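This report concerns only the one structure given below.
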Amino acid sequence: MINQLNIRQIAEEREESLSPNAAKSKQSRGRLRFEEPCPVRTAFQRDRDRIIHSKAFRRLKHKTQVFIAPQSDHYVTRLTHTLEVSQIARTIARALNLNEDLTEAISLGHDLGHTPFGHVGEQVLNELYPPGFRHNEQSLRTVDLLEKDGRGLNLTWEVRDGILNHSKTRADILGENSGKVNTLEGQVCRIADMVAYINHDIGDAIRAGILTEGDLPTSATGILGHSHSKRINTMVCDIIEHSWSVRNDKITTPMITMSSQILEAANTLRDFLFERVYDLHYAQQEADRAREVVRQLYRYFNEHADRLPPEYCLHSDDTERRVVDYIAGMTDQYALRLAGELSLITDKTN
C-alpha cells in the first residue's frame, strides 16, 4: 500500500524546487552496493537515519571535544558538537535552498571516526601508526566498513564525500590545502563545523576559567560580536549573504564562503584558541594522562593481538590497523577503564 502512495517519489519531486546547484537524491551517484530504494525516504534521508542509529553515533556522547574528563555536565562533547554543526548547517542550507537532508546526513556523520580524548587522541595515533591517522578518514572507514560487523552503512557517494572532505587545515579556515568537497552541501557542513567549534570552545574555555570574555581579541569580537549567540548569528548571516557566485579568472563558480572581513575575524579567533587553549592546554596533567593511555593501549594490543575483540579481526589482516580501529572507536571512559583493568597506567599524581 505504501508503495502505491509514491511517498518517496513525491519527496524527490519536491527537491526539484531546490537550487539548480543543490544535490538531488534521485541523481545520487549511488551506494557502494546496490539497494532497492526505500518506499518512504529519499536516499539522503535514509543515510541520515542509518547514521543516527549507528553504534558509532551513540558513542559520541562520551567522547571529548576539547576538555578531557570535565567535572561539569555543561561542557561540549563530540555528540553535542555534532548536533550544533547539524543545526547551523541546516540553517545555512535552508536559506540557500540547498538539500537540507544531505546537509544533515553529512553533519551527523562527520566525526564518527574521532578518537577518545579529542585531538589529543588523534595526535597520538597519528604519531604511532606508520601510515598516519586522520579522523575524517577514520569516519569514512567507520561508515564503509566498521559498522554492522563489517558490512558498513552503505551510504550514498555524496554523504561519504562530505564526511571524508570536511576536515580543514590549521593554516586557514577556508584553506585550499583542505580536501575538496564535491557538493555545496558538503561545503556548508565544513564551514558550519568551524562556526560551531570556534564558538563553543570559547564558551567552554570561559566556563573552565581559562579565559574571560575580555581576553578575546577585540579586533575579532568588535566585528563578530561580544556574545556566543551574536558571533554565531554574524557568521551564519555572512555565509548566507556571501555564498553562491564567486568570480575567479572570469568564471563564476557556486561556492560556500564568507566575506573577507568576517573570515579574517574568524581566523583571528581560531588562532587565539590555538595559542591560549589548544596548544598550551588548560589541564596538562589530564592531557598527558590521555596521551599515555592511548600509547599504552596501542602497545599492549599490538603485543597481545589475541585480546582484541573478535569483530576487529574481520576488517583487516594487519594487526596495527585492527588496533587503531579498536582504539579510535573507544569512548574516553572506556579507554580509561580498560587501561586501568589491564594495569597499564599508574597514578603519577603522588
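The values are calculated or read from the model by the stated rules, or taken from the named source; none is laboratory data. Here the structure is a predicted model, which is why all the values come from computation and not from measurement. Virtual Cβ from ideal backbone geometry, glycine too; neighbours counted across all protein chains shown.
Restricting attention to segment 42-70, which residues are in a loop (DSSP other than H, G, I, E, B) and closer than 18 Å to residue 160 by Cα? Lay out the reasoning, then the answer.
Residues of segment 42-70 that are in a loop (DSSP other than H, G, I, E, B), as a first pass: 42, 53-54, 63, 65-70.
Once the filter is applied, which keeps residues that are in a loop (DSSP other than H, G, I, E, B) and closer than 18 Å to residue 160 by Cα, segment 42-70 yields 42, 53, 54.
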Scope segment 308-331; condition modelled with pLDDT of 95 or more, in contact with a helix residue (DSSP H, G or I) (Cβ under 7 Å, 6 or more places away or on another chain) and of a type in the set (D, E, K, R); matching residues: 320, 322, 325
Checklist (1) in contact with an Asp or Glu (Cβ under 7 Å, 6 or more places away or on another chain); (2) surrounded by 24 or more Cβ atoms within 10 Å (Cβ to Cβ) applied to residue 60, failing item: (2)
Segment 180-222, subset more than 18 Å from residue 239 (Cβ to Cβ) and polar (S, T, N, Q), residue surrounded by the most Cβ atoms within 10 Å (Cβ to Cβ): 221
Residue ID - nearest to residue 333 (Cα to Cα), chosen from residues in segment 115-147 that are touching a residue at least 60 places away in the same chain (Cβ under 8 Å) and among the charged types (D, E, K, R): 147
Inter-residue pairs, beta-carbon under 9 Å, first in contact (Cβ under 8 Å) with a residue 60 or more places away in the chain and in segment 305-327, second among the acidic types (Asp, Glu), 6+ apart: 311/149; 314/149; 315/325
Helices (runs of 4 or more DSSP H) completely within segment 122-214 that count 3 or more residues being at pLDDT 90 or above and over 30 Å from residue 36 (Cα atoms): 184-207
Complete set of residues in segment 77-98 that are surrounded by fewer than 24 Cβ atoms within 10 Å (Cβ to Cβ) and part of a loop (DSSP other than H, G, I, E, B): 96, 97
Residues (within 13 Å of residue 154 (Cβ to Cβ), surrounded by fewer than 17 Cβ atoms within 10 Å (Cβ to Cβ) and in contact (Cβ under 8 Å) with a residue 60 or more places away in the chain) located in segment 26-53: 30, 32, 33, 35
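Looking at the structure I just gave you, is residue 111 among the charged types (D, E, K, R), at pLDDT 95 or above and either surrounded by fewer than 19 Cβ atoms within 10 Å (Cβ to Cβ) or outside any helix (DSSP H, G or I) (or both)?
Details: among the charged types (D, E, K, R): yes; at pLDDT 95 or above: yes; either surrounded by fewer than 19 Cβ atoms within 10 Å (Cβ to Cβ) or outside any helix (DSSP H, G or I) (or both): yes.
So residue 111 passes the test.
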Hey, residue 298 touching a helix residue (DSSP H, G or I) at 6+ places or on another chain (Cβ under 9 Å), under 21 Å from residue 143 (Cα atoms), hydroxyl-bearing (Ser, Thr, Tyr) and not in a loop (DSSP other than H, G, I, E, B) or not: no
Tally of residues being closer than 19 Å to residue 75 by Cβ and among the β-branched types (Val, Ile, Thr) across segment 207-238: 3
Close pairs from segment 338-349: first in a loop (DSSP other than H, G, I, E, B) and at pLDDT 60 or above, partner surrounded by 10 or more Cβ atoms within 10 Å (Cβ to Cβ) and not charged (D, E, K, R), Cβ under 7 Å, at least 6 apart: 342/300; 344/296; 344/297; 344/300; 345/293; 345/296; 345/339
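In the list 73, 101, which residue meets the criterion of being assigned to a helix (DSSP H, G or I) and either modelled with pLDDT of 95 or more or out of contact with any Leu (no Cβ under 8 Å at 6 or more places or on another chain) (or both)? Walk me through how you get there before you give the answer.
Working: 73 fails: assigned to a helix (DSSP H, G or I).
Just a single option satisfies the conditions, and that option is 101.
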Residue 278 vs. criteria of a type outside the set (A, V, I, L, M), more than 29 Å from residue 211 (Cβ to Cβ) and modelled with pLDDT under 95: no
Among (1) part of a helix (DSSP H, G or I); (2) touching a strand residue (DSSP E or B) at 6+ places or on another chain (Cβ under 8 Å), the one test that residue 116 misses: (1)
